[in-house]
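**Q** Right, I'll just put the structure down here and ask away after.
The values are calculated or read from the model by the stated rules, or taken from the named source; none is laboratory data. No experiment lies behind these values; they were computed from the predicted model shown. Positions of Cβ are generated from backbone atoms using ideal geometry, with glycine treated the same way; all protein chains shown enter the neighbour counts.
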Amino acid sequence: MGSRTLLMLTNFKFKSSFASSSSKPFYLVKSSPTIRKLSTKTRSSLQPPDVCRLAETARISLAPNEVEEFAPKIRQVIDWFGQLQAVDLDSVEPAFRADTEGDNLREDVPETFENKEALIASVPSYKEPYIKVPKVLNKE
Amino acid sequence: MASTLFRTIQIHPFSLYPTAICRRRNGVLYCTMKSTQTQTATQEKQQPPKVKVSQHTQSKTLDKITRDYEAIIGIETHVQLSTLTKAFCSCPYNYGSQPNTSICPICMGLPGALPVLNSKVIEFAVKLGLALNCKLSLNSKFDRKQYFYPDLPKGYQISQFDIPIATGGYIDLDLPLEFGGGHRKFGITRVHMEEDAGKLLHSGNGDYSQVDLNRAGVPLLEIVSEPDMRTGIEAAEYAAELQRVVRYLGVSNGNMQEGSLRCDVNVSIRPVGQSEFGTKVEIKNLNSFSSINRAIDFEISRQALLHTQGHDDQIVQETRLWEEGAQKTVTMRKKEGLADYRYFPEPDLPEVILTQEYVDGIRNSLPELPEMKRRRYEKMGLSMQDVLFLANDVNVAEYFDATISRGADIKLAANWIMGDIAAYMKNEKLSINEIKLMPEELVELIASIKGGTISGKIGKEILFELLAKGGTVKGLIEEKDLVQIVDPVEIGKMVDKVLSENPKQLEQYRGGKTKLQGFFAGQVMKISKGKANPVLLNKILLEKLNAKS
């Protein structure tokens, strides 16, 4: 996995299903206006982080005292990024991505990875020929 | 028909286009919803449900119930692409390989591994987007869809969220004749690229599960339809047409049994005339087109029944599983609010940029799609039944095209392919690419019969040999001396011989037993080894039989 980004910590909520009954698909509605509307305000306008929920979704267990301890620290980081709110974006088209280079493509040619044994060996719980995992019935 | 029918579609590639079997089940009744376009104008006066409910009345009631409601159906389809390698790494993918043998750090999601997009995935996505008449996004991106599950190595799926590669298209199809036929056009909301997860198997004793990562990272195209379908059969045919399209394009083998074509269906109902949609229910575990049809019809009935009983609050937004054995849907889990996938743009993959030249190049290389073929075959004068059969399988259509492009009679070629050849393929379990009869030889066969060189009966006989062993029509005719006898003098001689050898029957015939003409004809056929032209034979025979009276 590549870079981790703190975007994960902001409270974006997106609908997961597209076969929805609303007349206009959610994704065609501009989703970023919430940021733009707050462009003239400062740090206090960003919602405080719901640390319990963040920990839940990241599958990190926190003791209550840790929740209390981390909440202001996380908030500080968010507010530091919140300085970006001061930028006037009214006449700027949203970019798809942060980089400018395109295409890094690969040909459809098979290659077997040589050291598959090492890969299997690194699996903590392996019961030939499967990876053994706890029984989980529901996604999320 | 007031009685309730339970229909199954069996779609075999080489039998005549879908056969329908009608069954009624004791106690549990299913109705098929009539689509609004085929509803008759006359309204029957319905009887109120009687206390002693016979099956007949019960079915009338169910009919009335489902007629008062309109079903809204949408389908999400996942198509597994037939690329040689996975989407983001160079691991090969072969269905049925030994578990965990096609893996590498990238598809296992090991730390530090980075995805690199397979160029074929874009090509296939553009092909499908164009075939579904979509608008292509020349700039699109990948996003991370985050959730935890044992078959998802990275803890997120690389997908496309808000800027899919294709949007706003449609698909044309023709409903099978045994369900009333008719043309339909259904909207396609979007097509996007994503990767597949591994395979999760639940062990017998239940305290642990097993994961096979061979499939993790295999490229998928997700196709989301507009909620345009209204009945189970429309939905099933939509899925069948998608299968046809992906096979025609060569982007997937579209096999529901293998999992390279997966459909999840969303069904809701609302009283006729209401504009708001009802509560939507998702149905999973549909492994065939007929399950799609039956599951939807069941679900419509279930929801309609709850509505009329005043229990429509019991219809909740949930995921239900179709149980093939019990032929019903059951609750899988109630949705506890919408899942939060925390989508954000995939930082490890650059933007997907398409140039107009690239898109145009692919558009120009698209093969003739099923809809185009059907319209062309219709214009050629073939019946709808022939059209649906011939265009169903791209290989059969190619075979047919090869035959008629060499000048064969269109209707005759269609008949041979749909009749004797299809029957042979079904018996021997062969595809049309595996039979030994070449299109050129079929052309020759048709011409030989049409031109009178051999009789139709002989034609059928040598067809079998040609299918099994190949060879040429001309060669076989020569080898077996099969040329039809059309010389009246020669036939006359044979008739004379038969008549002289069978005086008793001749007398009986003259006495009034005219049916014996068939006997004489048979005898002449026998001595001519089947080569006598039947029409001429009977003409001469009749003359001679009646002459001496």
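**Q** Can you list residue pairs whose Cβ atoms sit under 8 Å apart, with the first residue in the range A:93-104 being within 7 Å of chain B (Cβ to nearest Cβ) and the second being surrounded by fewer than 12 Cβ atoms within 10 Å (Cβ to Cβ) and of a type outside the set (Gly, Ala, Ser)? Count only pairs 6 or more apart in sequence or on different chains.
**A** Every condition considered, no pair remains.
**Q** If I ask for residues that are over 28 Å from B:GLN257 (Cβ atoms) and surrounded by 15 or more Cβ atoms within 10 Å (Cβ to Cβ), which ones from the range B:105-115 would you list? Explain how you work it out, then say what you get.
**A** Here is the first cut: in the range B:105-115, the residues over 28 Å from B:GLN257 (Cβ atoms) are B:105-106, B:109-115.
Result: B:PRO105, B:ILE106, B:GLY109, B:LEU110, B:ALA113, B:PRO115.
**Q** Right, here's the next one. Mind checking which residues of the range B:197-211 are outside any strand (DSSP E or B) and within 15 Å of B:PRO99 (Cβ to Cβ)? First the steps, then the outcome.
**A** From the range B:197-211, those outside any strand (DSSP E or B) are B:197-198, B:203-207; that's our starting set.
B:ALA197, B:GLY198, B:SER203, listed by residue number.
**Q** How many of the residues in the range B:221-230 are buried (at least 24 other Cβ atoms within 10 Å of the Cβ) and either at pLDDT below 95 or away from chain A (no Cβ under 14 Å) (or both)? Reasoning before the result, please.
**A** Step one: filter the range B:221-230 for residues buried (at least 24 other Cβ atoms within 10 Å of the Cβ), giving B:221, B:223, B:225, B:229.
From the residues that got through so far, the ones that are either at pLDDT below 95 or away from chain A (no Cβ under 14 Å) (or both) too are B:221.
Number satisfying all stated conditions: 1.
**Q** In the range A:65-98, which residue that is charged (D, E, K, R) and not in a helix (DSSP H, G or I) is nearest to B:LYS141 (Cα to Cα)?
**A** At the first step, the residues of the range A:65-98 found to be charged (D, E, K, R) are A:66, A:68-69, A:73, A:75, A:79, A:88, A:90, A:93, A:97.
Those still in the list that are not in a helix (DSSP H, G or I) too: A:88, A:90, A:93, A:97.
Details: A:ASP88: 25, A:ASP90: 23, A:GLU93: 16, A:ARG97: 8 Å.
By that ranking, first place goes to A:ARG97.
**Q** Name the residues in the range B:77-93 that are facing chain A (nearest Cβ under 7 Å), buried (at least 20 other Cβ atoms within 10 Å of the Cβ) and part of a strand (DSSP E or B), would you?
**A** Across the range B:77-93, the qualifying residue is only B:THR85.
**Q** Of B:VAL126, B:VAL121, which residue is over 30 Å from B:THR308 (Cα atoms), in contact (Cβ under 8 Å) with a residue 40 or more places away in the chain and more than 9 Å from chain A (Cβ to nearest Cβ)? Please lay out each step first, then the result.
**A** Working: B:VAL121 fails: more than 9 Å from chain A (Cβ to nearest Cβ).
Only one candidate passes the filter, namely B:VAL126.
**Q** I'd like to verify a number: residues in the range B:118-135 that are within 24 Å of A:THR100 (Cβ to Cβ) and surrounded by 21 or more Cβ atoms within 10 Å (Cβ to Cβ), how many?
**A** Residues meeting the conditions: 5.
**Q** Moving on to the next point. Which residues, counting only those in the range B:459-508, are closer than 14 Å to B:LYS531 by Cβ, assigned to a loop (DSSP other than H, G, I, E, B) and either without any contact (Cβ under 8 Å) to a residue 40 or more places away in the chain or of a type in the set (Gly, Ala, Ser) (or both)?
**A** Within the range B:459-508, just B:ASP487 meets the criteria.
**Q** If B:LEU152 passes every condition in (1) of a type outside the set (Ser, Thr, Tyr); (2) within 11 Å of chain A (Cβ to nearest Cβ); (3) in a helix (DSSP H, G or I); (4) out of contact with any strand residue (DSSP E or B) (no Cβ under 8 Å at 6 or more places or on another chain) but one, which one does it miss?
**A** (3)
**Q** In the range B:141-169, which residue that is touching a residue at least 60 places away in the same chain (Cβ under 8 Å) and hydroxyl-bearing (Ser, Thr, Tyr) is surrounded by the most Cβ atoms within 10 Å (Cβ to Cβ)?
**A** Per the stated criteria, the residue is B:SER159.
**Q** Scan the strands (runs of 3 or more DSSP E) fully inside the range B:242-354 and keep the ones with 3 or more residues being under 30 Å from the mean Cα position of the chain (by Cα) and surrounded by fewer than 18 Cβ atoms within 10 Å (Cβ to Cβ). Even if it seems obvious, please write down each step before you answer.
**A** Details: elements: B:261-271, B:281-286, B:318-323, B:328-334.
Qualifying strands (runs of 3 or more DSSP E): B:318-323, B:328-334.
**Q** Of everything in the range A:115-138 that's closer than 28 Å to B:PRO347 by Cβ and loosely packed, with under 12 Cβ neighbours inside 10 Å, which residue is farthest from the other protein chains (Cβ to nearest Cβ)?
**A** A:PRO124
**Q** Would you confirm whether or not the range A:119-130 contains a residue that is in a loop (DSSP other than H, G, I, E, B), without any contact (Cβ under 8 Å) to a residue 24 or more places away in the chain, of a type outside the set (S, T, N, Q) and in contact with a strand residue (DSSP E or B) (Cβ under 6 Å, 6 or more places away or on another chain)? Spell out how you get there, then give the answer.
**A** Initial filter on the range A:119-130 (in a loop (DSSP other than H, G, I, E, B)): A:122-125, A:128-129.
Right, trim to without any contact (Cβ under 8 Å) to a residue 24 or more places away in the chain and you get A:122-125, A:128-129.
Subsequent filtering for residues that are of a type outside the set (S, T, N, Q) retains A:123-124, A:128-129.
Applying the additional criterion that residues be in contact with a strand residue (DSSP E or B) (Cβ under 6 Å, 6 or more places away or on another chain) yields A:123.
Within the range A:119-130, one or more residues are in a loop (DSSP other than H, G, I, E, B), without any contact (Cβ under 8 Å) to a residue 24 or more places away in the chain, of a type outside the set (S, T, N, Q) and in contact with a strand residue (DSSP E or B) (Cβ under 6 Å, 6 or more places away or on another chain).
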